[in-house]
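J.: Right, I'll just put the structure down here and ask away after.
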Amino acid sequence: MTRPDVPTLADRLRVFVQEAGLQPDPDFKPWNSGVYAVLDCVYSAQARYVSVVLPLLQVRFPANSGLQDVPDLTFTAFLESVGTTPTPERFETYATDIMNNRQKLAGSLKVQVAWDIAAFFAARGRETKADLLALGSDELSRLVLDELVPTTHGLGPVLGRYLLLLLGLEEYVKPDTLLSRLMGRIGGWSPTLGHESDMALIQEAITVVAAELKVTPARLDHALWLYESLGRGKEEQAGAAPRLEFPSAPRTMAQSPYLEQRQTQLTAAHHAPLTAFIETLRAQVQGRGLDVPHLDPLGSGIHARILYLLEAPGPMAAQVHGGSGFISMDNNDQTAQSVFQLTEQAGVNRAWVLPWNIVPWYVGDGNRIRPVRPAEVLEGRTHLRNLVKLLPDLRVVVTLGQPAAQGWGPLATEFPSVTTLSTWHPSGRALNPHPDRRAHVLATLELAQQLGALAFDVRRPSWVGL
């Protein structure tokens, strides 16, 4: 695919905006304060904006911290709220108690990255959004892109541009994954996330079309982001069913609407190859009375970055016993609930996760599950190998329990770009009597999230394994 020039990409974008009927929001505006602009910038990285970032900034943070989004909110006020010289323990406490969000960015808690940015501005005597805008567009751009970005761990050039947009420089756009994907589809090429010339090309094309529409580039960027984030582009491109929001509580598969929604996703573009994989597997074991649940289509499907590998499906996954028919952390059982809660507590981006079992069929009698047998693990390894071959973006396999570790172990060398992390099985029997085990699972999932993010950082060095 040939990289377009600015006039070509602008022409194609102009046609796309007309055909899609995009209407930039005339009431769009960034946050009132610099503090909230910084928090939006940091917490939106690798996170769902509507279901994660907005509840954090509109509800939890102002309620728990007492810091409201007003123009005179200072960076020093935020620094003092966290602690003027915070320790790692203080960041952990603030992330848990105030933010209720322990997600990390480049290995650091997001609240620490936000604190570093606020400290950078405060040290230069720029306490509010108005103070920063008083510098003028050129000087503020230089301050952020040439001084802040290179010296702040976790803040790359994409987020730097987004921060400028949020601070009120509406000539900027945010060339993140969603916008780059959409502009690549419009322009007929594959832009590289974070690549300076590709970001500049996207910026210039949007600027040209925005001027024709008599709106700012930021407002056209927002309209394009809404289009892509709501899944309209994928639906039109591949006939995909509407993407679903992740549940905010465990055990939701016990409710029929959630189950019915999953069933509509089985043939969606991101999941259809995995549905075909299950149908093939079922045909191979036909006649043995084995119940093989589907993989959960709620997430990235074949583009998953993290594979959770457990032992065998529980009864609430097995249709023969009235279960959902899906391997899902939303199933109505204790182990699924534990996985759901640990994933949330660890700040793992659930869109990256695909749960599976080394033995892919139910091995119980409806009341209890028996231990899996060595022969079943050996057979399941073959199916696991075939599954991993369908996941080109996979970067981490987390084995949860000994059978999973035994099943995956011999395959690890076949997939050298995939890192293996091993921890305890998340059942109540394994974790409840041993608090240290739960802590180990939590730490393992946090590391999986970091590795999943690192693998997609265009500035990363080449490396294999861990």
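J.: Quick check on my filter: what residues within segment 108-166 are of a type in the set (Phe, Trp, Tyr), over 18 Å from Glu196 (Cα atoms) and in contact (Cβ under 8 Å) with a residue 60 or more places away in the chain?
T.: Of everything in segment 108-166, just one residue is of a type in the set (Phe, Trp, Tyr), over 18 Å from Glu196 (Cα atoms) and in contact (Cβ under 8 Å) with a residue 60 or more places away in the chain, namely Phe121.
J.: Follow-up. Give the residue that is nearest to Gly323 (Cα to Cα), with candidates limited to residues of segment 256-273 that are of a type in the set (Ser, Thr, Tyr) and exposed (fewer than 15 other Cβ atoms within 10 Å of the Cβ).
T.: Ser256
J.: Output the residue which, of all residues in segment 387-405 that are touching a helix residue (DSSP H, G or I) at 6+ places or on another chain (Cβ under 6 Å) and not hydrophobic (A, V, I, L, M, F, W, C), is modelled with the lowest pLDDT.
T.: Looking at the filtered set, the residue picked out is Asp393.
J.: For segment 8-56, which residues satisfy the criterion of being more than 22 Å from Glu170 (Cβ to Cβ) and touching a residue at least 60 places away in the same chain (Cβ under 8 Å)?
T.: Correct list: Thr8, Arg12, Gln46, Ala47, Arg48, Ser51.
J.: Name the residues in segment 69-102 that are in a loop (DSSP other than H, G, I, E, B), touching a helix residue (DSSP H, G or I) at 6+ places or on another chain (Cβ under 6 Å) and more than 17 Å from Val53 (Cβ to Cβ), would you?
T.: Leu73, Gly83
J.: Does Met253 satisfy being farther than 22 Å from Thr444 by Cβ, outside any helix (DSSP H, G or I) and either among the aromatic types (Phe, Trp, Tyr) or touching an Asp or Glu at 6+ places or on another chain (Cβ under 7 Å) (or both)?
T.: Working: farther than 22 Å from Thr444 by Cβ: yes; outside any helix (DSSP H, G or I): no; either among the aromatic types (Phe, Trp, Tyr) or touching an Asp or Glu at 6+ places or on another chain (Cβ under 7 Å) (or both): yes.
No: the conditions fail for Met253.
J.: Based on this model, can you work out whether Val70 counts as in contact with a Ser or Thr (Cβ under 9 Å, 6 or more places away or on another chain), within 20 Å of Phe246 (Cα to Cα) and in the same structural domain as Lys110 (by TED's automatic domain parsing)?
T.: Details: in contact with a Ser or Thr (Cβ under 9 Å, 6 or more places away or on another chain): yes; within 20 Å of Phe246 (Cα to Cα): no; in the same structural domain as Lys110 (by TED's automatic domain parsing): yes.
No; evaluated as a whole, the condition is false for this residue.
J.: What helices (runs of 4 or more DSSP H), lying completely within segment 373-434, carry at least 1 residues that are in the same structural domain as Leu310 (by TED's automatic domain parsing), touching a strand residue (DSSP E or B) at 6+ places or on another chain (Cβ under 7 Å) and more than 24 Å from Thr275 (Cβ to Cβ)?
T.: 402-408
J.: Limited to segment 173-206, what total is found for residues that are assigned to a loop (DSSP other than H, G, I, E, B) and farther than 16 Å from Thr8 by Cα? Working first, answer last.
T.: Of all residues in segment 173-206, those assigned to a loop (DSSP other than H, G, I, E, B) come to 173-176, 188-195.
Subset that is farther than 16 Å from Thr8 by Cα: 173-176, 192-195.
Result for segment 173-206: 8.
J.: Residues Ile186, Ile206, Ile202: which one is of a type in the set (Val, Ile, Thr), assigned by TED's automatic domain parsing to the domain that holds Gln18, within 19 Å of Tyr227 (Cβ to Cβ) and surrounded by fewer than 24 Cβ atoms within 10 Å (Cβ to Cβ)?
T.: Every option except Ile186 fails the conditions.
J.: Of all residues in segment 292-343, which are touching a His at 6+ places or on another chain (Cβ under 6 Å) and assigned to a strand (DSSP E or B)?
T.: Phe326, the sole residue that qualifies.
J.: Another question, then. Any residue that is touching a Leu at 6+ places or on another chain (Cβ under 9 Å), of a type in the set (D, E, K, R), without any contact (Cβ under 8 Å) to a residue 60 or more places away in the chain and assigned by TED's automatic domain parsing to the domain that holds Arg350 - is there at least one of those in segment 280-291?
T.: Among the residues of segment 280-291, at least one is touching a Leu at 6+ places or on another chain (Cβ under 9 Å), of a type in the set (D, E, K, R), without any contact (Cβ under 8 Å) to a residue 60 or more places away in the chain and assigned by TED's automatic domain parsing to the domain that holds Arg350, which makes the answer yes.
J.: Quick one: count up the residues across segment 32-56 that are outside any helix (DSSP H, G or I), crowded, with 20+ Cβ neighbours inside 10 Å and of a type in the set (A, V, I, L, M, F, W, C).
T.: Number satisfying all stated conditions: 1.
J.: Among the residues of segment 410-435, which ones are closer than 19 Å to Gln337 by Cα and surrounded by fewer than 17 Cβ atoms within 10 Å (Cβ to Cβ)?
T.: Hits for segment 410-435 are Gly428, Arg429, Asn432, Pro433, His434, Pro435.
J.: Let me ask something additional. Looking only at segment 57-77, which residues are of a type in the set (A, V, I, L, M, F, W, C), surrounded by 14 or more Cβ atoms within 10 Å (Cβ to Cβ) and farther than 24 Å from Ala130 by Cβ?
T.: Here is the first cut: in segment 57-77, the ones of a type in the set (A, V, I, L, M, F, W, C) are 57, 59, 61, 63, 67, 70, 73, 75, 77.
When the remaining residues are screened for being surrounded by 14 or more Cβ atoms within 10 Å (Cβ to Cβ), the result is 57, 61, 67, 73, 75, 77.
Answer for segment 57-77, where residues must be of a type in the set (A, V, I, L, M, F, W, C), surrounded by 14 or more Cβ atoms within 10 Å (Cβ to Cβ) and farther than 24 Å from Ala130 by Cβ: there is none.
J.: Right, another one. If Gly231 satisfies all but one of (1) at pLDDT below 90; (2) surrounded by fewer than 18 Cβ atoms within 10 Å (Cβ to Cβ); (3) in contact with an Asp or Glu (Cβ under 8 Å, 6 or more places away or on another chain), what's the number of the condition it fails?
T.: Exception for Gly231: condition (3).
The values are calculated or read from the model by the stated rules, or taken from the named source; none is laboratory data. Here the structure is a predicted model, which is why all the values come from computation and not from measurement. Glycine also receives a Cβ, built like all others from the backbone with ideal geometry; neighbour counts cover every protein chain displayed.
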